[in-house]
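Visitor: Below you'll find the structure I mean.
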Amino acid sequence: MAPSTLTKQSLKRKRADDDSTSSTRTDADKPQQPYKQRVLVTSSRGISQRQRHLMTDLLALLPHAKKETKLEDKHNLPAINELCYLSSCNNALFFEARRQHNDLYLWAAKAPNGPSVRFHVLNLHTMDEMKMTGNCLKGSRPVVVFDKQFDEEPHWKLIKEVLTHIFAVPKTARRAKPFIDHVINFSIADGKIWFRNYQILDTPSTDALSSTTSSTSALTDIQAKKLAKKQGAPHLSLSEVGPRFVLNPVKIFEGSFNGACLYENKEFVPSSARFASTKLARAAKYRGRKDQQAVSKSRREGLHVGERDDPLEKRRVFA
């Protein structure tokens, strides 16, 4: 057989082998898509000073976030999707302020197709107010931890996914530092989401060192680590940084700031309804007091119907 024929057969066999290997290649062998997340943070007009400080604290925790100017029209919320498109953001955090009752609502949305979640912010405390001992590097990436209750209900699973995309800083973020030194914790209590931020310390806590009582406060870091290793206690501890706030989920929408309502919290009572009921109770109390005064006045007038006027009465003499 000629050498040229052998060469042609070997080339055909090699091409067939390449085709078979390429067809049997699974999706796991393909290169993984990069995890890209950017968050647009904006607010409405009329936001208070404490609420603005809370927004600034969250911006410091999110190096992949971009701050936008205040939104002029709070009734045209789908316009935020256009701002996300112009800023190349696929997530949005919108702080909606209500001046009448000093309420704050937080929108967390996936732009431009949704879903979006509307929260009522309660018990907010900024970093300046708390003055905690914890401190983390600005721009570092956090460890986002969720309570196990987030896996029990469908709406909690959806909220967990949205919050993960917003607060989990990707490795490819430009301003993110390749350093992990704090933990962002989301826990559920009384149907509300409690937000906490802790610094990871490389020293064991004094509570974990149970063998010594008064001498634990005087131990150095090296001695505390050795003692924790000897006792089998964890060699890390947490120190709260801040801020603190509570999120009460109100509604979940199918789209981004619009669309069909997927979930509604039946136990949520808006501040307007709460203040209206309080106002009606005060009005009913005032009306009952006035009716009682009118009844007592008519009763007093009825007591003096049959009496003759005394010319020496004080109110006539000193009139």
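Visitor: Please verify whether segment 155-172 includes one or more residues that are surrounded by fewer than 16 Cβ atoms within 10 Å (Cβ to Cβ), basic (Lys, Arg) and modelled with pLDDT under 95.
Guide: Scanning segment 155-172, I find at least one residue that is surrounded by fewer than 16 Cβ atoms within 10 Å (Cβ to Cβ), basic (Lys, Arg) and modelled with pLDDT under 95, so the answer is yes.
Visitor: Say we look at segment 173-198 and pick out the residues that are in contact with a strand residue (DSSP E or B) (Cβ under 6 Å, 6 or more places away or on another chain), crowded, with 17+ Cβ neighbours inside 10 Å and of a type in the set (A, V, I, L, M, F, W, C); which of these is farthest from Asn123 (Cα to Cα)?
Guide: Within segment 173-198, the match that is farthest from Asn123 (Cα to Cα) is Val183.
Visitor: Something else about it: Filter segment 147-188 down to residues that are acidic (Asp, Glu), farther than 21 Å from Pro243 by Cβ and within 15 Å of the chain's Cα centre (by Cα), then give me how many there are. Before you say what the answer is, go through the steps one by one.
Guide: Of the residues in segment 147-188, the ones acidic (Asp, Glu) are 147, 151-153, 161, 181.
Going one step further and asking which of them are farther than 21 Å from Pro243 by Cβ, we end up with 151-153, 161.
Narrowing further to those that are within 15 Å of the chain's Cα centre (by Cα): 161.
Here the count works out to 1.
Visitor: Output the residues belonging to segment 177-226 that are of a type in the set (Asp, Glu), modelled with pLDDT of 60 or more and either touching a helix residue (DSSP H, G or I) at 6+ places or on another chain (Cβ under 8 Å) or closer than 29 Å to Lys138 by Cα (or both).
Guide: Taking segment 177-226 and keeping what is of a type in the set (Asp, Glu), we get 181, 190, 202, 207, 221.
Next, only the ones that are modelled with pLDDT of 60 or more stay: 181, 190, 202.
Listed by number, the residues that qualify are Asp181, Asp202.
Visitor: Looking at segment 44-76 only, could you name the residues that are out of contact with any Asp or Glu (no Cβ under 8 Å at 6 or more places or on another chain), assigned to a loop (DSSP other than H, G, I, E, B) and either surrounded by 21 or more Cβ atoms within 10 Å (Cβ to Cβ) or free of Cβ contacts under 8 Å to residues at least 40 places away in the same chain (or both)?
Guide: Within segment 44-76, Leu62, His64, Glu68, Thr69, Lys70, Glu72, Asp73, His75, Asn76 meet the criteria.
The values are calculated or read from the model by the stated rules, or taken from the named source; none is laboratory data. Everything numeric here is computed off the predicted structure, so don't read it as measured data. No Cβ is skipped: glycine too gets one built from the backbone with ideal geometry, and neighbour counts run over all protein chains shown.
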